[in-house]
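Below you'll find the structure, written out as C-alpha cells, and then a few comments.
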Amino acid sequence: NAGVTQTPKFQVLKTGQSMTLQCAQDMNHEYMSWYRQDPGMGLRLIHYSVGAGITDQGEVPNGYNVSRSTTEDFPLRLLSAAPSQTSVYFCASSYAGTGDEQFFGPGTRLTVL
Amino acid sequence: AQSVTQLDSHVSVSEGTPVLLRCNYSSSYSPSLFWYVQHPNKGLQLLLKYTSAATLVKGINGFEAEFKKSETSFHLTKPSAHMSDAAEYFCVVRTYNQGGKLIFGQGTELSVKP
C-alpha cells in the first residue's frame, strides 16, 4: 500500500492565483481531512469528509474548497491564494471510529508571494 | 470542549538519559489520546495511542505513555534517549465532533545532545 500520498511537495504561488492540492489514499478509509501547520500553532483542521459525497468545514475553512467524488481522493482547492495561506498542508485519512489513528501524508509546502 | 496542553515547548536531554514529555488533557468523556512525532521537514508518524484499554501504552522505538485520569495527564517517556529521537512531538486528542477531528497540542521540540 502507498498509504496517503500528496502532490505537489512544494509550490510557490502569486497572490490571487488558484491551485489544487491533491490527496489520495489506498486504504479504503471513510474519513479524510486536511490540516495546515503553522509555526507555534500545531495543526488545524481545514475541511474533512466522512465519506464520498460528504464534506464539511473544520476550524479554518475560509479560502479553501474541497470535494469528495471517490473514497480514494480528497483534493483541496485554493480559490484565490493569499500570503496568509503560506503554510504546510497535510492530508490525513482513517477509519471513522474516534479511537482510530489518522494516517498522514508527507505534506505540501506552499508559499504565496 | 476537548483540549490538550503540552507543558514544555522545548526539552533538551543527553544521549542515554531518560526522556519525559508532558501532556495534560481536558475532556468531559473518555478520550482517545495519541502521540505523534515529526522529524524535520517530514510528515507525522504515530508513536502510540490510548483508547481506554490498558493505561500504560507502549509504542514504537521504545516510547511509552501512561494515562492518568486522576491527573488528566498522558506523559510520554523513554528510558534512554537516542540521537535519532531529536524531533518535534505532538500530543493529540481525537474528538467526537467534526467527524472525529484531531486537536493538537502546541508541540514539544526534543533535542538530544551527544
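Across segment A:30-41, the number of residues qualifying as among the small types (Gly, Ala, Ser) and farther than 19 Å from A:Gln6 by Cβ comes to 1.
Out of the residues in segment A:33-53 meeting the condition of being part of a strand (DSSP E or B) and more than 9 Å from chain B (Cβ to nearest Cβ), tell me which one is surrounded by the most Cβ atoms within 10 Å (Cβ to Cβ). Looking at residues that are part of a strand (DSSP E or B) and more than 9 Å from chain B (Cβ to nearest Cβ), I get A:Trp34. Scan segment B:22-29 and tell me whether some residue there is among the small types (Gly, Ala, Ser) and farther than 28 Å from A:Tyr31 by Cβ. Looking through segment B:22-29, none of the residues is among the small types (Gly, Ala, Ser) and farther than 28 Å from A:Tyr31 by Cβ. Within segment A:63-113, the set of residues being modelled with pLDDT of 95 or more, in a loop (DSSP other than H, G, I, E, B) and exposed (fewer than 14 other Cβ atoms within 10 Å of the Cβ) comprises A:Ser69, A:Thr70, A:Ser80, A:Leu113. Here is the figure for segment B:73-96: residues that are open to solvent by 20 Å² or more (accessible area, probe 1.4 Å), within 11 Å of chain A (Cβ to nearest Cβ) and either without any contact (Cβ under 8 Å) to a residue 24 or more places away in the chain or farther than 17 Å from B:Gln38 by Cβ (or both) total 1. Take the conditions (1) surrounded by fewer than 20 Cβ atoms within 10 Å (Cβ to Cβ); (2) of a type in the set (Gly, Ala, Ser); (3) within 12 Å of chain A (Cβ to nearest Cβ); B:Gly99 misses just one of them, which is (1). Out of the residues in segment B:55-114 that are under 13 Å from the mean Cα position of the chain (by Cα) and among the hydroxyl-bearing types (Ser, Thr, Tyr), state the one that is farthest from A:Tyr31 (Cα to Cα). Per the criteria, the residue is B:Thr77. Those strands (runs of 3 or more DSSP E) of segment B:17-114 in which at least 2 residues are in contact with a Cys (Cβ under 7 Å, 6 or more places away or on another chain) and not aliphatic (A, V, I, L, M), considering only elements entirely within it, cover B:73-78.
The values are calculated or read from the model by the stated rules, or taken from the named source; none is laboratory data. Just so it is clear, the structure is predicted and the values come from calculations on it, not from any experiment. Virtual Cβ from ideal backbone geometry, glycine too; neighbours counted across all protein chains shown. Surface areas here come from the heavy atoms of the whole protein model, side chains and all, with no ligands, DNA or RNA. Shrake-Rupley method; radii C 1.70, N 1.55, O 1.52, S 1.80 Å.
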